[in-house]
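J.: I'd like to ask some things about the structure below.
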Amino acid sequence: MSPEIGTHQLESDTAGDMNFKETELTLALPGESRTLKEMNGGKIGTKRGFLETVDLNLGSLRADCSDKDRNESENDVLTAAKPPAAKAQVVGWPPVRDYRKNAMKSCKYVKVAVDGAPYLRKVNLEMYNSYEQLLSALEDMFSCFTIRNYLNERKMVNGVENVPTYEDKDGDWMMLGDVPWKMFVESCKRLRLMKSSEANGLAPRTPSKCSSTSG
Amino acid sequence: MNYFPDEVLEHVFDFVTSSRDRNALSQVCKSWYRIESSSRQKVFIGNCYAISPERVIERFPALKSIALKGKPHFADFNLVPHEWGGFVYPWIEAFARNRVGLEELRLKRMVVSDDSLELLSRSFANFKSLVLVSCEGFTTDGLAAIAANCRCLRELDLQENEVEDHRGHWLSCFHDSHTSLVSLNFACLKGDINLGVLERLVARSPNLRSLRLNRAVPFDTLQKILMQSPNLVDLGVGSYVHDPDSETYDKLVTAIEKCKSVRSLSGFLDVAPHCLPAFHSICPNLTSLNLSYAPGIQGGELTKLIRHCRKLQRLWILDCIGDKGLEVVASTCKDLQELRVFPSDPYIGHAAVTEEGLVAISSGCPKLHSILYFCQQMTNAALITVAKNCPNFIRFRLCILDPTKPDAVTQQPLDEGFGAIVHSCRGLRRLSLTGLLTDQVFLYIGMYAEQLEMLSIAFAGDSDKGMQYVLNGCKRLRKLEIRDSPFGNGALLMDVGKYEAMRSLWMSSCEVTLGGCKTLAKKMPRLNVEIMNENEQTDFIFDDAQKVDKMYLYRTLAGQRKDAPDFVWTL
């Protein structure tokens with residue numbers, strides 16, 4: 001038996017769905033058949049789909065799930081292109097050793113930009129346990145500025161105030177302090193201490209003075 | 001051959017070193033069994049519960065070097081409860097009691113107590129080499145005993161262990177007269193190290209060829225160490241943060257230039273990327289590069305470094321290299337044999353590589369035989385191309401972060417793609433699959449994967465048929481591990497004799513019931529069928545219809561193990 005594979009498969013990729021099945025190649029013995037239903041249907045038998053397993057593990061993160069995710073039909077298992085919004089974790093998935101996961105975690109370096117400062121710094125978020133610790137470390141780093149922290153307390157030194165903001169994994173710019181610390185550490189990509197005048201009342205969507213995103 | 005005296009056969013057998021070959025020799029006839037067993041020095045035990053230490057000692061009286069593996073592979077991913085087992089102490093105690101002339105011990109996924117290390121250090125006068133991989137249960141106090149008492153120690157290699165760090169005095173326990181160190185790897189230790197002690201130890205170890213430092217060793221100590229050890233072959237950098245305009249940096253550049261023997265580079269646990277050019281002078285000599293613990297090296301700096309590494313055979317990196325970065329690897333590293341791409345965000349998020357990177361690598365690196373690839377998505381077309389470009393795969397492990405994701409372009413299952421891999425790569429020994437997969441892919445695996453020894457399945461298949469195809473077809477299968485797949489008793493009980501030809505079978509969150517496992521255990525007394533249920537135990541043992549959470553079965557000559565914890569039932 002010599003199955004024809006390779007180029008034929010590539011050509012048929014552009015065919016419409018209807019033709020695909022006919023031209024589809026298999027390496028199976030003649031007579032073996034798969035029904036389209038088996039391929040495109042949702043859960044077969046009692047197989048536990050991946051998203052269902054995720055649901056079993058959603059605990060306190062349920063609050064962050066949109067209802068849409070939870071009511072997803074079984075067929076959506078196939079078309080899901082993104083993982084669940086709540087980033088819930090199935091035990092043992094992805095298959096990465098704890099040792100490696102911990103090594104990645106403890107290197108949570110993010111760039112810190114301060115409006116008006118000519119240079120950027122990097123801080124390791126894993127080294128701090130709370131917003132207060134982080135903010136006081138930032139104050140040390142950029143000692144000629146003051147930072148208005150999330151409790152809206154101000155420490156004026158030379159009259160310049162900064163509002164701490166951060167860019168999260170979705171690319172949005174957020175005010176520090178709204179989410180629990182651990183969640184912030186996981187989602188923060190970089191920090192920007194914004195001039196109060198710019199940040200007035202709003203969480204800015206796109207930063208005007210940020211350095212390039214490499215690294 | 002029968003007329004050769006034993007000594008001649010023994011001499012011939014000396015040239016046969018691999019465990020497998022020696023196992024084959026011992027099967028030829030009784031006298032070969034006898035001669036081979038009495039002369040074998042190096043033994044490999046793939047499952048520490050498959051046989052008792054006493055039996056090993058009895059069969060191999062010349063034993064000097066032993067490798068043991070403990071927990072099942074899925075223990076790496078927290079699927080095995082913490083106190084499951086895998087204790088090395090009984091082995092060391094048996095060796096000590098029987099006065100085995102142990103010189104080398106290599107352990108993987110075992111529980112190693114400080115007491116075990118203490119006993120080890122005191123019991124074997126010629127002990128030379130200790131290698132611990134993914135082990136746990138010990139502290140730096142145990143290491144202190146090894147350092148203090150193993151006067152002949154040449155190798156102490158700690159890879160990815162969970163070690164409780166009681167701070168660095170253990171290194172001081174190496175005697176001033178200890179000058180025989182060849183290999184020292186403590187990269188996994190989290191605590192501080194006495195830097196002066198380290199420098200002096202390196203200075204008095206003229207045979208040191210492999211040194212892997214932990215994060216506590218700073219830049220300037222690295223510079224001093226490299227000045228002392230220009231003959232290093234394998235270097236693991238700890239912390240690598242400094243000012244590139246400093247004198248120390250210049251001294252490091254000079255020291256590195258002298259290290260013409262370095263072939264393997266790893267570490268960079270903390271890194272200032274603009275200091276990396278210091279290593280450019282040795283990059284052209286490197287055959288092995290592991291930057292998978294260096295998330296601080298990204299994008300341009302990473303590719304800049306790799307462009308200097310034309311001789312690379314093994315590369316471990318993070319997915320932040322991206323598909324474009326992998327194209328650089330493909331065009332630079334023509335000798336590449338093994339590639340591992342790990343996720344920089346290990347939680348379910350985005351992987352920064354796709355099928356494009358994999359195709360680029362396969363097209364540029366024809367010698368590739370081992371791959372571990374964590375990615376965002378895959379397509380059948382890509383896998384078919386990869387199979388055509390690289391027919392020499394021995395190990396093929398693909399992990400799509402969303403494990404039931406279909407072909408990203410056609411939305412079809414990935415059956416055809418993996419089918420092409422097993423069809424093209426006739427020498428494939430290890431395979432891990434992810435993506436949307438039906439029973440069809442297992443039909444292909446059963447049909448074509450003749451050399452397959454280890455198969456890992458997660459969230460795949462439709463029915464018992466899938467697992468049956470594999471058990472029927474893969475004659476060389478030794479380890480099968482399955483999670484969250486709809487395989488039940490029909491598959492489990494189809495060919496019970498098969499499991500005696502395998503090392504082990506793991507099934508978790510499948511459709512197998514207690515009744516099925518009991519039936520299997522009854523038919524096969526030389527298998528240990530272990531059930532782990534973390535739910536209530538009381539009702540469980542009476543309800544045969546209940547599904548089993550976790551089942552681990554393995555062949556054994558040692559009978560039921562006596563150290564199993566409460567939540568493990570051996571049927």
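The values are calculated or read from the model by the stated rules, or taken from the named source; none is laboratory data. From a predicted model like this one, the values you see are computed outputs, not experimental measurements. Glycine also receives a Cβ, built like all others from the backbone with ideal geometry; neighbour counts cover every protein chain displayed.
J.: Quickly run through the stretch B:405-437 and pick out the residues that are closer than 22 Å to B:Ala351 by Cβ, of a type in the set (S, T, N, Q), surrounded by fewer than 24 Cβ atoms within 10 Å (Cβ to Cβ) and touching a residue at least 12 places away in the same chain (Cβ under 8 Å).
T.: Correct list: B:Thr410, B:Gln412, B:Ser432.
J.: May I ask you to verify whether A:Met104 is more than 10 Å from every other protein chain (Cβ to nearest Cβ), under 24 Å from the mean Cα position of the chain (by Cα) and modelled with pLDDT under 80? Explain how you work it out, then say what you get.
T.: Working: more than 10 Å from every other protein chain (Cβ to nearest Cβ): no; under 24 Å from the mean Cα position of the chain (by Cα): yes; modelled with pLDDT under 80: yes.
So A:Met104 does not fit the description; no.
J.: On to the next question. Working carefully through the options B:Asp402, B:Asp407, find the one that is of a type in the set (D, E, K, R), under 24 Å from the mean Cα position of the chain (by Cα) and in a loop (DSSP other than H, G, I, E, B).
T.: On the way: B:Asp407 fails: under 24 Å from the mean Cα position of the chain (by Cα).
Residue meeting the stated conditions: B:Asp402.
J.: Since B:Trp316 meets every condition but one in (1) surrounded by fewer than 19 Cβ atoms within 10 Å (Cβ to Cβ); (2) over 30 Å from B:Tyr448 (Cα atoms); (3) among the hydrophobic types (A, V, I, L, M, F, W, C), which condition does it not meet?
T.: Only one criterion in (1) surrounded by fewer than 19 Cβ atoms within 10 Å (Cβ to Cβ); (2) over 30 Å from B:Tyr448 (Cα atoms); (3) among the hydrophobic types (A, V, I, L, M, F, W, C) is unmet by B:Trp316, namely (2).
J.: Further question on the same structure: Consider the stretch B:453-468. How many of its residues are more than 8 Å from every other protein chain (Cβ to nearest Cβ) and surrounded by 24 or more Cβ atoms within 10 Å (Cβ to Cβ)?
T.: The total comes to 4.
J.: May I ask you to list the residues in the stretch B:282-300 that are away from every other protein chain (no Cβ under 14 Å) and under 15 Å from B:Val271 (Cβ atoms)?
T.: Once the filter is applied, which keeps residues that are away from every other protein chain (no Cβ under 14 Å) and under 15 Å from B:Val271 (Cβ atoms), the stretch B:282-300 yields only B:Leu289.
J.: May I pose another question? Looking at the stretch B:175-183, is at least one residue in contact with a helix residue (DSSP H, G or I) (Cβ under 6 Å, 6 or more places away or on another chain) and hydroxyl-bearing (Ser, Thr, Tyr)?
T.: No, the stretch B:175-183 contains no residue that is in contact with a helix residue (DSSP H, G or I) (Cβ under 6 Å, 6 or more places away or on another chain) and hydroxyl-bearing (Ser, Thr, Tyr).
J.: Output the qualifying pairs, or none if there are none: Cβ atoms under 7 angstrom, residues six or more apart or on different chains, first residue in the stretch B:241-256 and surrounded by 16 or more Cβ atoms within 10 Å (Cβ to Cβ), second residue in a loop (DSSP other than H, G, I, E, B) and among the polar types (S, T, N, Q).
T.: Filtered contacts from the stretch B:241-256: B:Ile256/B:Ser281.
J.: Now for a different question. Between residues in the stretch B:456-468 that are within 14 Å of B:Ser432 (Cβ to Cβ) and residues that are of a type in the set (Asp, Glu) and not in a helix (DSSP H, G or I), which pairs lie under 8 Å by C-beta distance while being six or more apart or on different chains?
T.: B:Ser456/B:Glu481; B:Ile457/B:Glu481; B:Ala458/B:Asp484; B:Phe459/B:Asp484
J.: Give B:Asp345, B:Asp323, B:Asp335 a once-over and let me know the one that is free of Cβ contacts under 8 Å to residues at least 12 places away in the same chain and either outside any helix (DSSP H, G or I) or more than 14 Å from chain A (Cβ to nearest Cβ) (or both).
T.: B:Asp345
J.: Still on this structure, please answer the following. Answer yes or no: is there a residue in the stretch B:396-413 that is modelled with pLDDT of 95 or more and more than 12 Å from chain A (Cβ to nearest Cβ).
T.: yes
J.: Does B:Ser183 meet the test of being modelled with pLDDT of 95 or more and on the phi > 0 side of the Ramachandran plot? I'd like the intermediate steps shown before the answer.
T.: Working: modelled with pLDDT of 95 or more: yes; on the phi > 0 side of the Ramachandran plot: no.
No.
J.: Kindly establish whether B:Ala351 is within 24 Å of the chain's Cα centre (by Cα), within 11 Å of another protein chain (Cβ to nearest Cβ) and free of Cβ contacts under 8 Å to residues at least 60 places away in the same chain.
T.: Criteria met by B:Ala351.
J.: Counting residues that are at pLDDT 95 or above, which strands (runs of 3 or more DSSP E) fully inside the stretch B:488-571 reach at least 2?
T.: It comes to B:504-508, B:527-532, B:550-555.
J.: I've got another one for you. Hey, can you tell me all the residues within the stretch B:150-171 that are hydrophobic (A, V, I, L, M, F, W, C) and farther than 15 Å from B:Ser65 by Cβ? Outline the logic, then answer.
T.: Kept after step one, since they are hydrophobic (A, V, I, L, M, F, W, C), are these residues of the stretch B:150-171: B:150, B:152-153, B:156, B:158, B:163, B:170-171.
Selection gives B:Leu156, B:Leu158, B:Val163, B:Trp170, B:Leu171.
J.: I would also like to ask the following. Taking B:Ala125 as the residue in question, decide whether it is at pLDDT 95 or above and within 14 Å of another protein chain (Cβ to nearest Cβ). Break it down into steps so the answer makes sense when it comes.
T.: Working: at pLDDT 95 or above: yes; within 14 Å of another protein chain (Cβ to nearest Cβ): no.
The answer is no for B:Ala125.
J.: Considering only the stretch B:438-452, I want to know if a residue exists there that is in contact with a helix residue (DSSP H, G or I) (Cβ under 8 Å, 6 or more places away or on another chain), within 18 Å of B:Ala545 (Cα to Cα) and either crowded, with 19+ Cβ neighbours inside 10 Å or of a type in the set (A, V, I, L, M) (or both).
T.: No; the residues of the stretch B:438-452 include none that is in contact with a helix residue (DSSP H, G or I) (Cβ under 8 Å, 6 or more places away or on another chain), within 18 Å of B:Ala545 (Cα to Cα) and either crowded, with 19+ Cβ neighbours inside 10 Å or of a type in the set (A, V, I, L, M) (or both).
J.: Would you check which residues across the stretch B:255-286 are more than 15 Å from B:Leu305 (Cβ to Cβ) and touching a Leu at 6+ places or on another chain (Cβ under 8 Å) and list them? Give the steps one after another, and end with the answer.
T.: Here is the first cut: in the stretch B:255-286, the ones more than 15 Å from B:Leu305 (Cβ to Cβ) are B:255, B:257-261, B:263, B:269-270.
Residues satisfying the conditions are B:Ala255, B:Lys258, B:Cys259, B:Ser261, B:Arg263.
J.: Filter the stretch B:1-35 for residues that are closer than 24 Å to B:Leu107 by Cα and crowded, with 16+ Cβ neighbours inside 10 Å and give the result.
T.: Answer for the stretch B:1-35, where residues must be closer than 24 Å to B:Leu107 by Cα and crowded, with 16+ Cβ neighbours inside 10 Å: just B:Arg22.
J.: Let me ask something else about it. Need the failing condition index for B:Leu252 against (1) farther than 27 Å from A:Arg100 by Cα; (2) outside any helix (DSSP H, G or I); (3) touching a Leu at 6+ places or on another chain (Cβ under 9 Å), just the number.
T.: Status for B:Leu252: all satisfied but (2).
J.: Out of all the residues in the stretch B:198-219, which are assigned to a helix (DSSP H, G or I) and modelled with pLDDT of 95 or more?
T.: B:Leu198, B:Glu199, B:Arg200, B:Leu201, B:Val202, B:Ala203
J.: Can you tell me which residue within the stretch B:371-393, out of those that are in contact with a strand residue (DSSP E or B) (Cβ under 6 Å, 6 or more places away or on another chain) and more than 11 Å from every other protein chain (Cβ to nearest Cβ), is surrounded by the most Cβ atoms within 10 Å (Cβ to Cβ)?
T.: Among residues in the stretch B:371-393 that are in contact with a strand residue (DSSP E or B) (Cβ under 6 Å, 6 or more places away or on another chain) and more than 11 Å from every other protein chain (Cβ to nearest Cβ), the one surrounded by the most Cβ atoms within 10 Å (Cβ to Cβ) is B:Met378.
J.: What number of residues in the stretch B:438-452 are within 9 Å of chain A (Cβ to nearest Cβ) and either free of Cβ contacts under 8 Å to residues at least 24 places away in the same chain or of a type in the set (Phe, Trp, Tyr) (or both)?
T.: The qualifying residues number 2.
J.: Is it the case that some residue within the stretch B:140-151 is farther than 22 Å from B:His166 by Cα and in contact with a His (Cβ under 7 Å, 6 or more places away or on another chain)?
T.: Yes, the stretch B:140-151 has at least one match.
J.: Which of (1) farther than 29 Å from A:Asp168 by Cβ; (2) within 13 Å of chain A (Cβ to nearest Cβ) does B:Thr303 not meet, given it meets every other one?
T.: The failed condition is (1).
J.: When you look at B:Leu269, is it within 14 Å of chain A (Cβ to nearest Cβ) and either of a type in the set (A, V, I, L, M, F, W, C) or farther than 16 Å from B:Leu213 by Cβ (or both), yes or no? Talk me through it step by step, then tell me what you get.
T.: On the way: within 14 Å of chain A (Cβ to nearest Cβ): yes; either of a type in the set (A, V, I, L, M, F, W, C) or farther than 16 Å from B:Leu213 by Cβ (or both): yes.
Criteria met by B:Leu269.
J.: Look at the stretch B:179-197 and say how many of its residues are of a type in the set (Gly, Ala, Ser) and in a loop (DSSP other than H, G, I, E, B).
T.: 3
J.: Right, here's the next one. Can you find even one residue in the stretch B:308-315 that is within 14 Å of another protein chain (Cβ to nearest Cβ) and either in contact (Cβ under 8 Å) with a residue 40 or more places away in the chain or among the basic types (Lys, Arg) (or both)?
T.: For the stretch B:308-315, residues within 14 Å of another protein chain (Cβ to nearest Cβ) and either in contact (Cβ under 8 Å) with a residue 40 or more places away in the chain or among the basic types (Lys, Arg) (or both): absent.
J.: Right, something else. With (1) polar (S, T, N, Q); (2) at pLDDT 80 or above; (3) outside any strand (DSSP E or B) as the list, and A:Asn149 as the residue in question, which single condition is left unmet?
T.: Failing condition for A:Asn149: (2).
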